[in-house]
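*Asks:* Dropping the structure in here first, questions after.
The values are calculated or read from the model by the stated rules, or taken from the named source; none is laboratory data. Every value quoted in this text rests on a predicted model; they were computed, and no experiment measured them. Glycine also receives a Cβ, built like all others from the backbone with ideal geometry; neighbour counts cover every protein chain displayed. What goes into the accessible areas is simple: the full protein's heavy atoms, side chains included, and nothing from ligands, DNA or RNA. Shrake-Rupley method; radii C 1.70, N 1.55, O 1.52, S 1.80 Å.
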Amino acid sequence: MTNNQYFDLLMWARTTGFDIALTIMVGGILLRVIEIVVLGRKKDFAKAKGSPVTQGIKTIFSRSVPRKGTMKEAPVTYIGGYIFHIGFFVAFLFLGAHIALIKDLIGLSWPDFNKAVIETAVALAIVAAAALAYTRFTDPVRRRLTGWSDWFVLIVSVLPLITGYIAVNKVFGVDGTLWMAIHILSAELLMVSFPFTKLMHAVTFAMARYYNGSIQGRKGAES
Amino acid sequence: MTATLERGLNALREQIDAPVASFFTSCVSCGICAEACLFYKETGDPEYTPIHKLELMRRMWSNEYTLLGRAKSLLGLGKKITDDDLTRWETLVYDSCTMCGRCTMVCPVGNDITMMIRKMREGMSASGHGPKELVGAAERHTDGTSPMGDLTQALLKRVEQASKVTGIEIEVDKPNVDYMLMLSSHEIASGEEMIASVAKIMKKAGHSWTISTEGFEATNVGIQLGNRDVAANLVSRIVDAAIKLKVKTVISPECGHAFQAIRWEGPNLIGKEYPFEVKHIIEVLDQFRAEGKLTTNGKNGDRLTFHDPCQVNRRGGINKEPRRLMNMVAENFIETEDAGTMNWCCSGGGGVGANQRANDLQAKAFNIKKRQIEAVAPDAIVTMCAFCHSTLEDQLEANEMDDIEVLSLTEMMAEYLDD
Ligand code: SF4
Ligand code: SF4
């Protein structure tokens with residue numbers, strides 16, 4: 001392909017491609033959330049001892065911190081998990097170009113981080129993902145639980161990080177057009193697969209934690 | 001498809017609700033639940049990973065309740081649940097889970113795995129895959145007054161004995177009282193001490209109380225087996241008795257799953273709120289303490305530790321109450337590691353203790369508790385569940401640690417009442 005064709009690809013990825021991906025992602029997430037909510041939940045007739053709603057909401061946040069003593073039981077999963085999530089979101093939310101895109105979409109913007117911070121975050125996230133992949137191979141519990149969809153999710157989450165790094169740093173030559181197109185397409189792959197894979201946890205974790213907290217909260221038990 | 005398989009799948013289908021769907025959608029296969037589970041922890045076998053125990057329920061949810069799964073099913077692709085699957089999972093769902101609730105506390109996305117095990121058992125038992133001991137106990141309790149058969153005569157005998165040793169008159173089936181005491185069959189079988197203790201405490205606190213001969217058994221094998229019909233029937237006996245006697249509060253005795261059954265599941269099993277309150281005996285004692293109606297004299301000087309029953313503390317919300325009471329009567333109270341909300345199970349809950357097939361596995365799973373007990377080297381372990389109580393005694397004996405006594409907190413409080 002000529003440079004011109006790369007440019008066309010990039011333009012498609014930025015416009016039509018992005019619109020398609022965004023539509024599938026947002027529509028898909030809505031459908032998946034509705035498909036959960038319509039299943040409903042029976043009214044609980046047991047007289048509450050604690051406050052289910054407050055504790056449900058509290059648990060959405062408090063469950064982000066590991067319970068005392070549990071970190072040492074699965075350090076790679078915990079630490080790798082944290083670094084991956086933080087690194088991913090730092091790169092996603094604080095790169096100047098991403099902020100501009102978000103501003104275009106929803107009108108909100110905030111200050112960006114400098115390149116060194118973003119690149120450190122990306123590098124750490126990639127290492128963390130490699131560590132998580134390693135435990136999925138070697139640890140018997142993780143190996144037992146890991147299916148093709150877990151691998152798929154891990155790969156599509158890491159791809160935008162790697163391709164983004166290559167594109168920004170023009171690793172493969174001065175003209176970054178092709179790699180920028182690949183980067184955007186990889187992000188679109190992530191968006192398109194989001195509603196149909198475990199990537200959905202990024203939305204439904206709040207529901208799950210809320211339910212857990214409210215069930216325990218009704219009993220006056222911790223969560 | 002056989003009729004029983006279909007019945008099982010229908011029962012399981014009924015259990016899938018929004019929380020379940022949100023849990024399966026959110027699971028990221030991180031495996032963190034495994035390390036929280038006594039069965040994985042003590043065997044190192046990944047089969048015992050909590051979320052893996054729910055694989056069949058997850059499969060049903062995925063096939064029938066998700067976009068992609070439904071599309072696959074339409075094309076005849078989704079993997080179906082077979083009778084063989086149910087047979088294979090039976091041991092995972094019943095033998096390797098005490099419904100202790102630890103996994104539910106650690107899952108980073110917040111999955112209430114324990115609640116789903118409870119739900120999955122509905123499908124298992126409806127498809128004829130309940131352990132025979134639990135099925136037998138359910139039949140005996142349905143036909144009689146307890147899982148040990150008809151215990152009414154034994155109860156009356158114990159009441160008479162308790163009256164004699166305490167010199168306090170105890171009237172069964174007395175209407176319009178403040179409290180109606182339930183008992184677990186273990187407590188009735190083992191002696192009159194629990195009834196005598198409650199008699200002394202109630203006298204001291206100045207409250208009227210009774211025991212109903214029509215609804216005294218607190219244990220409810222229906223919730224362990226996972227059979228809503230059995231569970232609802234057993235709960236309604238107590239509810240009917242309490243309404244008939246117009247009592248204000250029903251006391252759930254020192255029994256973990258009984259508390260879970262009558263306090264938290266019961267109203268939902270019968271589909272309505274109770275016209276009375278339900279309290280665990282330790283909540284009642286702690287309330288008496290706060291009101292100044294429970295005062296004690298002297299303390300036990302032995303080195304004492306406390307075992308938290310999972311269904312009373314972690315899954316029942318009673319954590320500080322027993323500790324406040326312990327501090328009134330224990331000179332030398334020492335907590336084990338993880339005490340309180342993250343306490344490890346006695347190894348016998350959720351029907352595991354009654355299930356003979358699970359004996360060896362249970363003995364292994366007890367090791368975590370054993371190490372924690374050894375680390376504090378107590379003279380006695382105090383607890384507030386009759387089933388934990390007897391499980392601890394049995395496991396300590398099997399480990400040649402039976403120089404450590406197991407005590408009931410209620411009985412201990414009664415012993416130190418001042419007069
Ligand atoms: S801890 Fe939660 S998210 Fe992780 S594997 Fe277990 S159920 Fe799934
Ligand atoms: S409830 Fe307890 S025994 Fe059952 S799977 Fe969870 S941690 Fe294991």
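*Asks:* Just to be sure, is B:Ser163 farther than 21 Å from B:Cys37 by Cβ and either open to solvent by less than 10 Å² (accessible area, probe 1.4 Å) or within 16 Å of ligand 2 (Cβ to nearest atom) (or both)? Give the steps one after another, and end with the answer.
*Replies:* Numbers: farther than 21 Å from B:Cys37 by Cβ: yes; either open to solvent by less than 10 Å² (accessible area, probe 1.4 Å) or within 16 Å of ligand 2 (Cβ to nearest atom) (or both): no.
So B:Ser163 does not fit the description; no.
*Asks:* Okay, next question. Given the criterion away from ligand 1 (no atom under 15 Å from the Cβ), on the phi > 0 side of the Ramachandran plot and at pLDDT 95 or above, identify the matching residue among B:Gly76, B:Gly44, B:Gly101.
*Replies:* Details: B:Gly76 fails: at pLDDT 95 or above; B:Gly101 fails: away from ligand 1 (no atom under 15 Å from the Cβ).
Sole residue among the options that is away from ligand 1 (no atom under 15 Å from the Cβ), on the phi > 0 side of the Ramachandran plot and at pLDDT 95 or above: B:Gly44.
*Asks:* A further question follows. Within region B:322-335, how many residues turn out to be touching a residue at least 40 places away in the same chain (Cβ under 8 Å) and open to solvent by 10 Å² or more (accessible area, probe 1.4 Å)? Even if it seems obvious, please write down each step before you answer.
*Replies:* We begin by selecting, within region B:322-335, every residue touching a residue at least 40 places away in the same chain (Cβ under 8 Å); these are B:322, B:325-326, B:328-330, B:334-335.
Subsequent filtering for residues that are open to solvent by 10 Å² or more (accessible area, probe 1.4 Å) retains B:328, B:334-335.
Residues meeting the conditions: 3.
*Asks:* Name, by its number, the condition in (1) assigned to a loop (DSSP other than H, G, I, E, B); (2) farther than 25 Å from B:Gly130 by Cα that does not hold for B:Gly350.
*Replies:* (2)
*Asks:* Being in contact (Cβ under 8 Å) with a residue 40 or more places away in the chain, farther than 17 Å from B:Cys255 by Cα and not small (Gly, Ala, Ser) is the filter here, so list the residues in region B:370-398 that pass it.
*Replies:* Hits for region B:370-398 are B:Ile373, B:Val376, B:Pro378, B:Asp379, B:Gln395.
*Asks:* Which fully enclosed helices (runs of 4 or more DSSP H) of region A:84-146 have 3 or more residues being within 14 Å of chain B (Cβ to nearest Cβ)?
*Replies:* Numbers: elements: A:96-106, A:115-138, A:140-145.
Ranges flagged: A:115-138, A:140-145.
*Asks:* Quick check on my filter: what residues within region A:92-108 are within 27 Å of A:Ile126 (Cβ to Cβ) and out of contact with any Ser or Thr (no Cβ under 8 Å at 6 or more places or on another chain)?
*Replies:* Those that are within 27 Å of A:Ile126 (Cβ to Cβ) and out of contact with any Ser or Thr (no Cβ under 8 Å at 6 or more places or on another chain): A:Phe92, A:Leu93, A:Phe94, A:Leu95, A:Gly96, A:Ala97, A:His98, A:Leu101, A:Leu105.
*Asks:* Is one or more of the residues making up region B:43-54 part of a helix (DSSP H, G or I) and without any contact (Cβ under 8 Å) to a residue 24 or more places away in the chain?
*Replies:* Start the filter on region B:43-54 by keeping residues that are part of a helix (DSSP H, G or I), which leaves B:43, B:46-48, B:50-54.
Still in the running and without any contact (Cβ under 8 Å) to a residue 24 or more places away in the chain: B:46.
Scanning region B:43-54, I find at least one residue that is part of a helix (DSSP H, G or I) and without any contact (Cβ under 8 Å) to a residue 24 or more places away in the chain, so the answer is yes.
*Asks:* Any residue in region B:100-107 that is among the β-branched types (Val, Ile, Thr), within 27 Å of B:Asp360 (Cα to Cα), crowded, with 21+ Cβ neighbours inside 10 Å and within 14 Å of chain A (Cβ to nearest Cβ)?
*Replies:* Residues of region B:100-107 among the β-branched types (Val, Ile, Thr): B:104, B:106.
Still in the list and also within 27 Å of B:Asp360 (Cα to Cα): B:104, B:106.
Applying the additional criterion that residues be crowded, with 21+ Cβ neighbours inside 10 Å yields B:104, B:106.
Okay, now just the ones that are also within 14 Å of chain A (Cβ to nearest Cβ), so B:104, B:106.
Yes, region B:100-107 has at least one match.
*Asks:* From the list B:Glu90, B:Glu64, pick out the single residue that is within 16 Å of ligand 2 (Cβ to nearest atom), charged (D, E, K, R) and assigned by TED's automatic domain parsing to the domain that holds B:Cys30.
*Replies:* Working: B:Glu64 fails: within 16 Å of ligand 2 (Cβ to nearest atom).
None of the others qualify; the one that does is B:Glu90.
*Asks:* Next question, about the same structure. Being touching a residue at least 60 places away in the same chain (Cβ under 8 Å), more than 8 Å from every other protein chain (Cβ to nearest Cβ) and not in a loop (DSSP other than H, G, I, E, B) is the filter here, so list the residues in region A:31-59 that pass it.
*Replies:* A:Val33, A:Pro52, A:Val53, A:Thr54, A:Gln55, A:Gly56, A:Ile57, A:Lys58 - these are the residues of region A:31-59 that are touching a residue at least 60 places away in the same chain (Cβ under 8 Å), more than 8 Å from every other protein chain (Cβ to nearest Cβ) and not in a loop (DSSP other than H, G, I, E, B).
*Asks:* Just checking, how many residues over region B:221-235 are touching a residue at least 40 places away in the same chain (Cβ under 8 Å) and open to solvent by 20 Å² or more (accessible area, probe 1.4 Å)? Walk me through it before giving the result.
*Replies:* Here is the first cut: in region B:221-235, the ones touching a residue at least 40 places away in the same chain (Cβ under 8 Å) are B:221-228, B:230, B:233-234.
Checking the rest, the ones that are also open to solvent by 20 Å² or more (accessible area, probe 1.4 Å) come to B:224, B:227-228, B:230, B:233.
So the answer is 5.
*Asks:* To continue, here is another question. Identify, by number, the condition in (1) facing chain A (nearest Cβ under 10 Å); (2) within 20 Å of A:Phe196 (Cα to Cα); (3) of a type outside the set (Ser, Thr, Tyr) that B:Glu35 doesn't meet.
*Replies:* Result: B:Glu35 passes all but (2).
*Asks:* Now for a separate question. Check B:Met401 against each of (1) touching a residue at least 24 places away in the same chain (Cβ under 8 Å); (2) assigned to a helix (DSSP H, G or I); (3) surrounded by fewer than 23 Cβ atoms within 10 Å (Cβ to Cβ) and name the one condition it does not meet.
*Replies:* Answer for B:Met401: the failing condition is (2).
Residue by residue, here is whether (1) within 11 Å of ligand 1 (Cβ to nearest atom); (2) open to solvent by less than 10 Å² (accessible area, probe 1.4 Å); (3) outside any loop (DSSP other than H, G, I, E, B); (4) more than 9 Å from every other protein chain (Cβ to nearest Cβ) holds:
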position	(1), (2), (3), (4)
B:Thr4	no, no, yes, yes
B:Gly8	no, yes, yes, yes
B:Pro19	no, yes, yes, no
B:Thr25	yes, yes, yes, no
B:Val28	yes, no, no, no
B:Leu56	no, yes, yes, yes
B:Arg59	no, no, yes, yes
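*Asks:* Test B:Lys119 against the criterion of being within 16 Å of ligand 1 (Cβ to nearest atom), under 30 Å from B:Asn355 (Cβ atoms) and open to solvent by 20 Å² or more (accessible area, probe 1.4 Å), and give yes or no. Step through it out loud before you land on a result.
*Replies:* On the way: within 16 Å of ligand 1 (Cβ to nearest atom): yes; under 30 Å from B:Asn355 (Cβ atoms): yes; open to solvent by 20 Å² or more (accessible area, probe 1.4 Å): yes.
Yes, satisfied.
*Asks:* Further question: From the set of residues in region A:168-209 that are assigned to a loop (DSSP other than H, G, I, E, B) and out of contact with any helix residue (DSSP H, G or I) (no Cβ under 6 Å at 6 or more places or on another chain), which is nearest to the other protein chains (Cβ to nearest Cβ)? Walk me through how you get there before you give the answer.
*Replies:* Applying the first criterion (assigned to a loop (DSSP other than H, G, I, E, B)) to region A:168-209 yields A:170-176, A:197.
The next check asks that each one be out of contact with any helix residue (DSSP H, G or I) (no Cβ under 6 Å at 6 or more places or on another chain); those that pass are A:170-175.
Working: A:Lys170: 34, A:Val171: 31, A:Phe172: 33, A:Gly173: 37, A:Val174: 40, A:Asp175: 38 Å.
The qualifying residue nearest to the other protein chains (Cβ to nearest Cβ) is A:Val171.
*Asks:* Cβ-Cβ distance below 7 Å, separation of 6 or more or different chains: which pairs start in region B:259-275 with a residue that is assigned by TED's automatic domain parsing to the domain that holds B:Gly226 and open to solvent by 10 Å² or more (accessible area, probe 1.4 Å) and end on one that is of a type in the set (Val, Ile, Thr) and not in a helix (DSSP H, G or I)?
*Replies:* Matching pairs, first to second residue: B:Arg263/B:Val278.
A quick yes/no check of all residues on (1) free of Cβ contacts under 8 Å to residues at least 40 places away in the same chain; (2) under 30 Å from B:Pro267 (Cα atoms); (3) buried (at least 20 other Cβ atoms within 10 Å of the Cβ):
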site: A:Lys170; (1), (2), (3): yes, no, no
site: A:Ile184; (1), (2), (3): no, no, yes
site: A:Ser193; (1), (2), (3): no, no, yes
site: A:Met207; (1), (2), (3): no, yes, yes
site: A:Asn212; (1), (2), (3): no, yes, yes
site: A:Ile215; (1), (2), (3): no, yes, yes
